[in-house]
């Protein structure tokens, strides 16, 4: 499955659930989760130079980070043919047949949802916090 096929599936999941939840997002992480599982609230690392530069989950460095007001996700309400939340502008795709997992560092990809939005003072572009977020789909 290439990245366009992946985001087509993401759009189908989003559209099937957009009337059930106020907030729906995509989340990439290494932790293996089950559908229906409630996610922990995310940690914040505002001093990092690169948004991918984050301490490993469960390490003392990770545990010392401040806790955010919900679970960090890429807002799927921004999904379009030109923008893929969690990836960025689609014009950056150079190999349209490349397997979608080659674009992401995480072992797993989830669609998560909830009805309460958290507050974030300095989110990344397209990032939102969902309080009491649950996994509604697992892509890999």
- Query: Mind checking which residues of the range 56-96 are surrounded by 13 or more Cβ atoms within 10 Å (Cβ to Cβ), more than 17 Å from the chain's Cα centre (by Cα) and part of a loop (DSSP other than H, G, I, E, B)?
  - Reply: 65, 93
- Task: Might you let me know whether the range 114-121 holds any residue that is under 12 Å from the mean Cα position of the chain (by Cα), at pLDDT 95 or above and surrounded by 13 or more Cβ atoms within 10 Å (Cβ to Cβ)?
- Result: no
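I need the full set of residues from the range 125-140 which are in a loop (DSSP other than H, G, I, E, B) and either in contact with a strand residue (DSSP E or B) (Cβ under 6 Å, 6 or more places away or on another chain) or over 25 Å from residue 5 (Cα atoms) (or both), in order please.
Those that are in a loop (DSSP other than H, G, I, E, B) and either in contact with a strand residue (DSSP E or B) (Cβ under 6 Å, 6 or more places away or on another chain) or over 25 Å from residue 5 (Cα atoms) (or both): 126, 132, 133, 139, 140.
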- Any residue in the range 3-28 that's within 25 Å of residue 102 (Cβ to Cβ): show its pairings with residues that are part of a helix (DSSP H, G or I) and modelled with pLDDT under 95 at Cβ separation under 7 Å, as long as the two are six or more apart or on different chains. 3/100; 3/103; 6/100
- If you scan the range 25-40, which residues turn out to be surrounded by 17 or more Cβ atoms within 10 Å (Cβ to Cβ) and in a loop (DSSP other than H, G, I, E, B)? 39
- Message: Just to check your reading of the model, which residue among 67, 90 is in contact with a strand residue (DSSP E or B) (Cβ under 7 Å, 6 or more places away or on another chain), over 16 Å from residue 112 (Cα atoms) and at pLDDT 95 or above?
- Response: 90
- Note on the structure: Residue count, the range 1-24, condition assigned to a loop (DSSP other than H, G, I, E, B) and within 20 Å of residue 131 (Cα to Cα), comes to 5
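The values are calculated or read from the model by the stated rules, or taken from the named source; none is laboratory data. Computed from a predicted structure; not experimentally measured. FYI the Cβ positions are ideal-geometry reconstructions off the backbone, even for glycines, and counts take in every protein chain you see.
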